[in-house]
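Read the structure below first, then the notes.
Values quoted throughout were computed directly from the atomic coordinates according to the rules given, and no laboratory measurement underlies them. What you are looking at is a predicted structure, and each value in this text was computed from that prediction instead of being measured. Reconstructed Cβ throughout: ideal geometry from the backbone, glycine too, with neighbour counts over all protein chains shown.
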Amino acid sequence: MTDPELHWSVVIDVLNDMQAQGILAKYAIGGAMAGILHDEVISTIDLDIFFFFTKQQSGLVLSMEEVYDYAREKGFVFDHEFIHIHGWLVQFVEASLEPLWRESVERADIMVIDSRDVPVMRPEHLAAMWLSAGRTKDRVKIEAFDDSGVIDREKLGDVLTRFGMMDKWKAMQRGLSAKYQF
Amino acid sequence: MKAIEQLKRSKAKLRNYTRSLTPTEKIRQTELLQKRHFALLEAREANGGRAIPAKWLRWKQAQDEIR
């Protein structure tokens, strides 16, 4: 493999190959990396990939075997919840069963990165997911989005209302700018 | 107080700069930042500070695997 300028681009090529091979039906970048792409650069090392399988799962328990089989075949290293792909710690999260995650993947923005079309979750969905996770570092990411103004208030209100998260947002919104107070 | 205001302004300027980058450039800067961050963690540990967090050691391992 030649050394690319961006290691990250190889990860995207791998994800696109997984789609071409019929493993992933659809995917989107989520988590802190999606935050970086919408906002400012911060130090993060993992890459969260939210996805749907192409083939319907038959068992009651979700099996990630198809992803692991692919990774094994390509010689990628497994490390706890991560798969090492060209220097990145990649975490695969099946998103079809959680309605907010599902919509976040379905309605992802397409960004052109290093000449590749990359689906990236929208800021309003990311903010709702961070609200749902509720950790201190998630609040910090919401505040960074507030500071940069990348969230569309109307779209955020729509997401929070439809997913029944408005009360939780209102309980958290103190300290955010007036634009994001409901 | 003036110095603090000046520092805040300069921090805001830097944040605005990173926000203005293209997505490709943001990824490039993120990959650079990871390397710098790890170097700082190494230096901290070497100087008797806290050990490098396990997650960052995993990242280093993943980096070392790049062929």
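Tabulated results
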read-out	value
Cα convex hull of region A:7-121, projected area averaged across orientations, nm²	7.2 nm²
Nearest-0.05 FRET efficiency for A:Glu73 and B:Asp64, computed from C-beta distance (R0 25 Å)	0.70
Per-q log10 I(q)/I(0), region A:4-63, q = 0.19, 0.24, 0.27, 0.28 Å⁻¹ (Debye; single scatterer per alpha-carbon; no solvent)	-0.81, -1.05, -1.16, -1.19
Cut-off under 5 Å, modelled amide H: who pairs with A:Met111 long-range	A:Val118, A:Val120
Lysines whose Cα lies under 24 Å from that of A:Lys141, excluding same-chain neighbours fewer than 8 positions away	A:Lys155, A:Lys168, A:Lys170, A:Lys179, B:Lys8, B:Lys11, B:Lys13, B:Lys26, B:Lys35, B:Lys55
Chain A: most fluctuating residue of A:Val90, A:Val120, A:Val112 per GNM, C-alpha cutoff 10 Å	A:Val112
For region A:135-182 and region B:28-58, distance of Cα centres in Å	31 Å
Charge dipole of the protein assembly as shown about the Cα centre (unit charges at C-beta), most positive-ward option of B:Ser10, A:Gln91, B:Trp56	B:Ser10
Dipole moment magnitude, nearest 20 debye, the protein assembly as shown about Cα centre, only Lys, Arg, Asp, Glu C-beta charged	1280 debye
Helix-only CD estimate at 222 nm, as mean residue ellipticity for chain A, using -39500 (n - 2.57) per DSSP H run (n ≥ 4)	-13000 deg cm²/dmol
Within chain B, helix-based [θ] at 222 nm, where runs of 4 or more DSSP H residues each add -39,500 (n - 2.57), nearest 500	-27500 deg cm²/dmol
